[in-house]
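> Pasting a structure below so you can have a look.
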Ligand code: FES
Ligand SMILES: [Fe+2]
């Protein structure tokens, strides 16, 4: 088998944006093939629970939030935020087993992070360092896409940006240097860092002060960390800066002509489907809301280009699951990250590849 579908349980997964969950109505999400109901109790605290009522197994995401509790709207069983059944209409005795599973959840930087593994091991310090939407240094807008593809294909796409020269030549205006140069790739805690200069290249919009320059040097550096979070900084400098920096990272205090940051999360909703959440925008000193909106629109267009390719790639893989990929030197980050994923084997669930119909109700 060329690749097995592997889902790592003991990790924090992004289930969506904080603003998507309210005290009005629960929302269904699929995470690692498990349906969960996400809602806010009356005090605003977020709750993630198994989306399966203990009675006749109806989804609690079709239930009604009643203060700090949720009522299944099939036959009316009510559960508290810890998943314990607190009322069975017409029945006095509530069995001790009348509980639905709840999952550890943390809201951080506007993402809702859910721990799908052993609750004892849910350590919030392992949550990836994404940017908050109200971070004063950046102006960020958000987007999301839902894929009919295994999440590792999307991880692989983000771990090898040589594809920019081909998939995003127009949308991102990416030149051939993206394919012809190789980044510096290094292992970091829980992931891999990929950094490089793209030198003497014409600036493409949005430009900021880069508009005054015929050619610029672009520094890009991203961390890609478990289970699939991509954190990319891009800084644009006058041509010649890379040389002055001896091709190393520019000093933090070196002024940029333009800079932007994107946080992206790849979440397996099942073995064959994936959600992708992202924010992007300019540094506050270089751009405003309007520019941030223009950037996220370009990004969404570009990510749809990725989606077209990756879903088509998935269909080809499905035709011959035993066909093996042939790595190139551009695949170094993929190789390191894949090894890291496989080193988590004791925490992994190996699942049989099968196309399952999963639906997201929102
Ligand atoms: S299925 Fe939930 S109350 Fe019957
Ligand atoms: Fe891409």
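The values are calculated or read from the model by the stated rules, or taken from the named source; none is laboratory data. What you are looking at is a predicted structure, and each value in this text was computed from that prediction instead of being measured. Glycine also receives a Cβ, built like all others from the backbone with ideal geometry; neighbour counts cover every protein chain displayed.
> Taking the stretch 280-290 as the search range and keeping residues that are modelled with pLDDT of 95 or more and buried (at least 19 other Cβ atoms within 10 Å of the Cβ), which one is nearest to ligand 1 (Cβ to nearest atom)?
280
> If you take just the strands (runs of 3 or more DSSP E) that sit entirely in the stretch 51-116, which of them hold at least 2 residues that are over 16 Å from residue 15 (Cβ atoms)?
Filter on the stretch 51-116 gives 64-66, 69-71, 78-80, 85-87.
> Being closer than 21 Å to residue 341 by Cα and surrounded by fewer than 18 Cβ atoms within 10 Å (Cβ to Cβ) is true for just one of 121, 137, 101. Which residue is that?
121
> Going through the stretch 31-50 one residue at a time, which ones are within 14 Å of residue 112 (Cβ to Cβ) and not in a loop (DSSP other than H, G, I, E, B)?
Correct list: 31, 36, 37, 38, 39, 40, 46, 47, 48, 49.
> Additional query: Hey, any hits in the stretch 172-194 for a residue that's in a loop (DSSP other than H, G, I, E, B), assigned by TED's automatic domain parsing to the domain that holds residue 240, modelled with pLDDT of 90 or more and within 16 Å of ligand 2 (Cβ to nearest atom)?
The answer is yes, given that some residue of the stretch 172-194 is in a loop (DSSP other than H, G, I, E, B), assigned by TED's automatic domain parsing to the domain that holds residue 240, modelled with pLDDT of 90 or more and within 16 Å of ligand 2 (Cβ to nearest atom).
> How many residues are within 25 Å of residue 248 (Cβ to Cβ) and out of contact with any helix residue (DSSP H, G or I) (no Cβ under 6 Å at 6 or more places or on another chain) when one looks only at the stretch 164-185?
Looking only at that region, the number is 7.
> Same structure again: So which residues in the stretch 204-225 are surrounded by 21 or more Cβ atoms within 10 Å (Cβ to Cβ) and over 19 Å from residue 266 (Cβ atoms)?
The answer is 210, 216, 217, 218, 219.
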